[in-house]
Amino acid sequence: MSAATPIAASARGKRPSPVPSPLARSPNPPTALPTPPATEPAPSDIAPRASLVGALLAERYRVERVLARGGMGQVYLAMHERLGKPVALKVLLRPEDEQGRLRFQREAHLTCRVRHPHVVSAEDYGELPTGEPYLVLEHQDGATLQQVIQRDGALPPPRALPILRQIIDGLEAIHRAGIIHRDLKPSNVFLLE
């Protein structure tokens, strides 16, 4: 998963949720972050990091399981032990990649600025004892738009249009903050019941 902020939408067309995607702070007008070089390894070429499952991070996040793995990071389901609240914990896979680290840090700083019902909010940012940066995001419990399309096929317009409106509302909020979502795709849109 590349640096990104997730978008959320209701499965019934009520409320979309964002998903982590690459974001970029832009001068006037908004512009995207530079595209990673073609030589950047594919997610399958990057050795998986040692599992964090079971670890307690920052004295508050108990890692429960892996949720997803992408080009830049691995996302875990974790529990905020003090609040009893599930969160998504995104960890950078290659901390030695300085450009990737900077993009990841930029994502963290920009994501926390956007507050909108259709954009997943960032809640914390830090570094593991081993040096990998992590980003704590609001956890979205639902299917992705990609999973729904694979399961149900093409969505009929009466179902698709309300979802699309919610995605556009989330993108508008992101753009107002001077950020461009660089990884908008069905797998980065959560449909919430």
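Under 15 Å from a label point set 7 Å out along the Cα-to-Cβ vector of GLU81, the amide N atoms of region 126-162 belong to 129. For region 52-91, the list of GluC sites (Glu not before Pro) that fall in a loop by DSSP and count at most 10 other C-beta atoms within 10 angstrom reads GLU59.
Region 153-177 and region 47-124 have Cα centres spaced 25 Å apart.
Taking chymotrypsin sites (Phe, Trp or Tyr not before Pro) across region 102-193, none is in a DSSP loop with at most 15 further Cβ atoms lying within 10 angstrom of its Cβ.
Heavy-atom accessible area with a 1.4 Å probe sorts HIS175, HIS109, HIS80, largest first, into HIS109, HIS175, HIS80.
The values are calculated or read from the model by the stated rules, or taken from the named source; none is laboratory data. Note that this is a predicted model, so its numbers are computed, not measured. When we count neighbours, we look across all protein chains shown, and the Cβ atoms used for this are built from the backbone with ideal geometry, even at glycine. With ligands, DNA and RNA removed, areas are computed over all heavy atoms of the protein, side chains included. Shrake-Rupley method; radii C 1.70, N 1.55, O 1.52, S 1.80 Å.
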